[in-house]
Amino acid sequence: MQQLTTPLAFALAYADHGFSVIPIHHIEADHLCSCGKTVCPSPGKHPRLASWTRYQHDRATETQIRQWWTQWPLANVGIATGRVSGIVVLDIDPAHGGDASQLDIDTQTVTCLTGGGGEHYYYAHPGGTVGNRAGIIAGVDLRGDGGYVVTPPSNHSLGSYRWEVGWSPFEATFRPLPLDYQST
């Protein structure tokens, strides 16, 4: 894998990989969200775009991605999940009781370690519609059509997002989405 060092480099690499990329607010040096709200409900984890619904169906061009990261060079990087990017993600958040061992899933797939200490398991989109579902069980959400995930090298108030060694989308294969999660 080529050495990626900036949010723009990651965003372009993800776009080249076929993902629908969007800019996400980031955590600033004062530990506040770049959105400017002193009490942000989702610091460093929400889209910078007033409306990002277009990118749930269409991918941004390289020119658009470069414009975004010229305007917001420190922006976190998001990927729209679902058919547009060909992925569905199981989001495991141990801070809310999530534990991958509670699920009957194949964890030998593309895997991101989140800034908050959780995991994102990426699976191949099975076709049809796979909707977003929060709280499948405590601390486990499904990110499908109409959703997004924050990706490396994004920052979080507790740490940075990073790919599990050997399990980035540039190194590993997306496993099939387990059947239990394929219906909306």
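The values are calculated or read from the model by the stated rules, or taken from the named source; none is laboratory data. Computed from a predicted structure; not experimentally measured. Cβ: placed from backbone, ideal geometry, glycine included. Neighbour counts: every protein chain shown. Note: areas computed on protein heavy atoms with side chains; ligands, DNA, RNA excluded. Shrake-Rupley method; radii C 1.70, N 1.55, O 1.52, S 1.80 Å.
General observations
- Any hit, the range 35-45, residues being modelled with pLDDT of 95 or more and among the hydroxyl-bearing types (Ser, Thr, Tyr): no
- Remark: pairs (first residue in the range 98-111, closer than 20 Å to Pro176 by Cβ; second residue modelled with pLDDT under 90 and charged (D, E, K, R); Cβ separation under 9 Å; 6+ apart in sequence or on different chains) = Leu103/Asp180; Asp104/Asp180; Ile105/Asp180.
- Subset of the range 8-19 (residues that are open to solvent by less than 30 Å² (accessible area, probe 1.4 Å) and either outside any helix (DSSP H, G or I) or touching a Pro at 6+ places or on another chain (Cβ under 6 Å) (or both)): Phe10, Gly18, Phe19
- When Ser101 is tested against the conditions (1) more than 24 Å from Thr5 (Cα to Cα); (2) open to solvent by 50 Å² or more (accessible area, probe 1.4 Å); (3) assigned to a loop (DSSP other than H, G, I, E, B), the lone failure is (3).
- Within the range 28-45, residues that are open to solvent by less than 60 Å² (accessible area, probe 1.4 Å) have Cβ atoms under 8 Å from residues that are aromatic (Phe, Trp, Tyr) in these pairs: Ser34/Trp72, counting only partners at least 6 apart in sequence or on another chain.
- Enumeration of residues in the range 46-92 that are open to solvent by 10 Å² or more (accessible area, probe 1.4 Å), within 23 Å of Gly18 (Cβ to Cβ), touching a residue at least 60 places away in the same chain (Cβ under 8 Å) and part of a loop (DSSP other than H, G, I, E, B): Trp52, Arg83, Val84, Ser85, Gly86
- Residues that are of a type outside the set (Gly, Ala, Ser), at pLDDT 95 or above and under 13 Å from the mean Cα position of the chain (by Cα), drawn from the range 156-184: Tyr161, Arg162, Trp163, Pro169
- Test for Ala138: is it open to solvent by less than 30 Å² (accessible area, probe 1.4 Å), touching a helix residue (DSSP H, G or I) at 6+ places or on another chain (Cβ under 9 Å) and farther than 12 Å from Tyr181 by Cβ: no
- Of all residues in the range 117-126, those satisfying the criterion of being in contact with a Lys or Arg (Cβ under 9 Å, 6 or more places away or on another chain) and either under 14 Å from Asp91 (Cα atoms) or at pLDDT below 95 (or both) are His120, Tyr121, Tyr122, Tyr123.
- Among residues of the range 114-135, those that are part of a strand (DSSP E or B) and either of a type in the set (D, E, K, R) or buried (at least 22 other Cβ atoms within 10 Å of the Cβ) (or both), counted: 6
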